[in-house]
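The values are calculated or read from the model by the stated rules, or taken from the named source; none is laboratory data. All figures in this text were calculated on a predicted structure; none of them were measured in a lab. Glycine gets a Cβ as well: all are built from the backbone with ideal geometry, and neighbour counts include every protein chain shown. What goes into the accessible areas is simple: the full protein's heavy atoms, side chains included, and nothing from ligands, DNA or RNA. Shrake-Rupley method; radii C 1.70, N 1.55, O 1.52, S 1.80 Å.
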Amino acid sequence: MAIAIEQSKGRSTDWFFNYSGHVNQIDITYYRFGWNRNEKDIDSVKLTFKVNEDGIQAAYWFIKSNLI
């Protein structure tokens, strides 16, 4: 997650991460061409992962495959 956030600085992509401890899951939203308040749903992917071994691996590969 830290690499994705760092890579977004000064680039046209944006990542948002939201951890919900009460349900033990993380939501990841990736905006391929950057987040725009007026067009926030354009070319975005939002996925939810459980915080367990399988979920962490799936989140890792999702992030890694979308890094520039």
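Consider a paramagnetic label point 7 Å from the Cα of N18 along Cα→Cβ; state which residues of region 36-68 have an amide N under 16 Å from it.
Flagged as within label range: 36-37, 40-42, 44-51.
Could you state the accessible area per residue of the chain in Å², with a 1.4 Å probe and every protein chain left in place? Working shown, then result.
On the way: 5030 Å² over 68 residues.
Value for the chain: 74 Å² per residue.
Can you show me the helix-derived [θ] at 222 nm for the chain, built from DSSP H runs with n ≥ 4 at -39,500 (n - 2.57) apiece and divided by the number of residues, rounded to the nearest 500. Write out the running numbers ahead of the final one.
Working: 2 runs with 21 residues, N = 68.
Rounded to the nearest 500, the figure is -9000 deg cm²/dmol.
Take the alpha carbon gyration tensor of the chain, find the square roots of its eigenvalues, order them as a ≥ b ≥ c, and report rounded if a/c is under 1.5; if not, report prolate when a/b exceeds b/c, else oblate. Walk me through the intermediate numbers first.
Details: a/c = 2.16, a/b = 1.54, b/c = 1.40.
Cα axes put the chain in the prolate bin.
Got a sec to turn the phi values of region 50-55 into Karplus ³J(HN,Hα) couplings, 6.51 cos²θ - 1.76 cosθ + 1.60 with θ = phi - 60°, whole Hz, x for Gly and Pro?
Along region 50-55, the couplings run 6, 8, 9, 4, 5, x Hz.
First compute the accessible area of the chain with a 1.4 Å probe, then give the percent of it belonging to carbon and sulfur atoms.
On the way: 2600 of 5030 Å².
Percent of accessible area from carbon and sulfur atoms in the chain: 52.
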